[in-house]
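Beneath this line is the structure, given in structure tokens, with notes to follow.
What follows draws every value from the coordinates through simple rules; no lab data is involved. Keep in mind the model is a prediction, meaning the values are calculated, not measured. Neighbour counts are summed over all protein chains in view; Cβ atoms, including those assigned to glycine, are modelled from backbone coordinates with ideal geometry.
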Amino acid sequence: MTKKRILTGDRPTGKLHLGHYLGTLENRVSLQDDYETYIMVADVQALTDNFDKPEKVRDSVYEVALDNLAAGLDPEKSVLFVQSQIPELAELTVYFMNLVSLERLQRNPTVKSEMKQKGFGSNVPVGFVNYPLSQAADILAFNADIVPVGDDQSPMLELSREVVAKFSNIYGYSFRMPEIMVGRVARLVGTDGNAKMSKSLGNVIYLSDTEETVRKKVMAMYTDPNRKHATDPGKVKGNPVFIYLDAFCKDKAKLSELKERYAAGKVGDVEVKQYLSDVLNEFLEPIRERRRYYEAQPELVKTILSNGTQQARITVAKTMQEVRSAMKLFGT
Ligand code: TRP
């Protein structure tokens, strides 16, 4: 029986953080044994809002590859590859552009909020509004069954599914219908309690943070804003420190005891934060160890990416042959 396929990826614009881990990396790692797994370093997509910062994108390709390997992605099981090195993805994007209206692309809520954040106004580059379609091409070119992503990516999946239907209607070729798979924590709050952990908000704990940095960031975290003294009853619900503990603490008995003491005003914020630091550092330790292993061998990481890219290209080439022939292109 053929294995089902997973395709997902990250824009290389910086390092990956705990929110990425819970939203998608954890799923990638745990599913790689049972699925044919393709992980893309989406440098073409990163250029849609960083076209004037090519060095940043180039350097982040390596960082993001390292983050994936450190998180536990096994290059023996998964294919790790670089988007720009597969020109067929750009080709497929162009064909898809005939099937979707500009108005439809401008309705994408994730794109809308990114446009606001980046201050594009009415001067939004064509490439940027079009990136969800390019993402649809990524997903469909691999005929992915499952796409593990954070929940901000659901509009991209919706669009991909529309393209499957439209393409099949017009050209009679059916891509596999992709399903979204969101992590057990779809969106992690920031250390400041903001709804989203995000680099631009500066409320992030990176997978590559040192033990010391994690401790400092946790100590500065927001808790219950109404609690002035350790003897005040504290609010557990919605408290970022407890949200993180719920996500990362394995000792559930200890955690519920801590919550009880917090609610009763019998434990200080400092003690709870110290515990969270320990929990996060314990979680991050194996990730740091794998990072050290790969960091010491940059040539190995390069080889993993170039071998993966070669393999990914073979998979895409097969789909593209069928696509071109369905579209009655010259010579097919
Ligand atoms: N949009 C994703 C992000 O912001 C990256 C990405 C590009 C992606 N192509 C993809 C994710 C295809 C899943 C499938 O990180």
Discussion item. What three numbers, in Å, describe the spread of the alpha carbons of segment 71-165 along their principal axes, ordered from the longest?
Written reply: 46, 29, 24
Worksheet entry | Lys/Arg +1, Asp/Glu -1 at C-beta; the chain dipole; positive extreme among 65, 45, 284 | 45
Worksheet item: Hey, got the dipole for the chain? About the Cα centre, +1 on K and R Cβ, -1 on D and E Cβ, debye to the nearest 20?
Response: 620 debye
Response to the item:
Excluding residues fewer than 8 positions from residue 273 in its own chain, the aspartates and glutamates with Cα under 20 Å of it are 192, 209, 211, 212, 224, 232, 246, 251, 257, 260, 282, 285
Item to complete: Kindly flag which residue pairs out of 228/252; 166/199; 53/318; 112/199 have an alpha-carbon separation exceeding 25 Å in this structure.
Response: 228/252; 166/199; 53/318
Worksheet item: Between segment 208-277 and segment 110-136, how many Å separate their Cα centres?
Response: 37 Å
Worksheet, complete the sentence: Per the helix-only model, the chain has a calculated mean residue ellipticity at 222 nm (DSSP H runs of ≥4, -39500 (n - 2.57) each, divided over all residues, rounded to the nearest 500) of -16500 deg cm²/dmol
Worksheet item: Per q in 0.20 1/Å, what log10 I(q)/I(0) does a Debye calculation on the alpha-carbon atoms of segment 209-290 return?
Response: -0.86
Item to complete: Could you order peptides 296-302, 283-289, 42-48, 76-82 by the average number of other Cβ atoms within 10 Å of their residues, highest first?
Response: 42-48, 76-82, 283-289, 296-302
Discussion item. Can you tell me what share of the DSSP beta bridges in the chain is antiparallel? A percent to the nearest 5 is fine.
Written reply: 5 percent
Response to the item:
Ranked by GNM mean-square fluctuation in the chain (Cα springs under 10 Å), the top entry among 49, 145, 246 is 246
Discussion item. Expected output is a single nm value to one decimal: the length gained when fully extending between residue 158 and residue 330, i.e. 0.36 nm times separation in residues minus the C-alpha distance. What is it?
Written reply: 58.8 nm
Item to complete: Amide H neighbours of residue 181 under 5 Å, at least 5 residues apart or on other chains, H built in the peptide plane: list them.
Response: 147, 149
Discussion item. Please compute, for the alpha-carbon atoms of the chain, the extent along each of the three principal axes and give them in descending order in Å.
Written reply: 77, 44, 42
Worksheet entry | Proximal charge balance of residue 292 [Cβ under 15 Å; K/R count +1, D/E count -1] | -4
Worksheet item: Counting Lys and Arg as +1 and Asp and Glu as -1, what is the net charge of the other residues whose Cβ lies under 11 Å from the Cβ of residue 202?
Response: +1
